[in-house]
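A short worksheet on the structure shown next.
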């Protein structure tokens, strides 16, 4: 069936469901408006340094049993995270997979709130209910942090559809890893984005390994951006370790999504220095020589060189900026350690939209078969 025929059929079947035509975008404040170009670029670099300092500390705290659950680090992926998020406007929506610490920091979430969330404390950005894989800050239009591989893609498409229904000139940036492109949700979401012209950019952060499997062993078409062609939407690949290239490509595609309702796939080629998670040493499926080769082209070093060329940054400033980032991370750890734990009696709150859900959960605990009432009465589990 030709595309024109498919569109006509869709209009005939659901005439009231067709979105209105896109309107002209309104002037909306972006994350760096009010700063000159040099100030914006300097801010992006400082965020890269913050992520580079934050992730090793998160690993240390995890190994000290201060952080529970899973913990996925983005060391080595700083340019891919900061460049993409730095291209967003404040009213754009970010939704991400579970390697989300760097994305949250890049979106402007306070490192204290991120670290407190990793610690499961009440002052965390999700009030201690999400942990490492479920960071969010709705006030910054950051809707998570999702733990199921590919599970957030239909949600992202749904958010983009709601933007269309409201006739708002905004866009969604949906971050995912290379391992998610072989899930059914990927194809379903791209299909709907292509059919309905949704304002969304699917941002594939390809760090070469899905857990311990190389992308060329997992995907029949390892150039993942080409998958977009099956759904007649645009697809591009960018050097994910080049801060400015990522920012420019993301900004251009987000602009097309907002102004023309043109969905797209952007694949950023990058590399993670650590294992899939803190529980994975990362040496059973790759060599130290491979990691060291990527480290010779470190995204922070490349950013320093490029920003020095643009007279944005003097290389002599870097160490001082690095120390400032490390100090912020130390303050975040101290803040998290002194933040209170959530009241275990509030466990049923915020699970459902029904305001009576907490009371309903409280009634259920009386008949729970595994000693939950006694556990709650004792104030929760103790390690």
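What follows draws every value from the coordinates through simple rules; no lab data is involved. The structure presented is a predicted model; accordingly, all values stated were derived computationally and were not measured. All Cβ positions, glycine included, derive from the backbone under ideal geometry; neighbour counts span all protein chains shown.
Points to keep in mind about this one:
- Listed from fewest to most Cβ neighbours within 10 Å, the set 117, 216 follows the order 216, 117.
- Inter-part distance where the range 159-218 and the range 244-273 are each reduced to a Cα centre, Å: 12
- Spin-label model distance (nm) - residue 345 vs residue 188, 7 Å beyond Cα toward Cβ: 4.0
- Bridge orientation summary for the chain: considering DSSP beta bridges with both residues in this region, about 10 percent are antiparallel.
- Ordering 101, 72, 214, 134 from the fewest to the most neighbouring beta carbons within 10 Å gives 214, 134, 72, 101.
- Fewest-first sequence of 213, 250, 284 by Cβ atoms within 10 Å of each Cβ: 284, 213, 250
- Once the Cα-Cα distance is subtracted from the 0.36 nm per residue extended length, the residue 311 to residue 286 segment shows a gain of 5.2 nm.
- Here the sum of -39500 (n - 2.57) over DSSP H runs of 4 or more residues, divided by the residues of the chain, equals -13000 deg cm²/dmol at 222 nm, to the nearest 500.
- The protection proxy used here, the mean number of other Cβ atoms lying within 10 Å of each residue, ranks peptides 135-148, 197-210 as follows, highest first: 197-210, 135-148.
- Residues in the range 160-180 reached by a label modelled at residue 148 [backbone nitrogen below 16 Å; 7 Å Cα→Cβ]: 180
- For Rg and Dmax of the Cα atoms in Å, the candidate list reads (i) 21.8, 67; (ii) 29.1, 102; (iii) 22.7, 83; the entry that matches the value derived from this model is (i).
- Euclidean distance of C-alpha centroids, the range 276-342 and the range 134-154, integer Å: 23
- With the simple model of a label 7 Å out from the Cα in the direction of the Cβ, residue 301 to residue 236 spans 2.8 nm.
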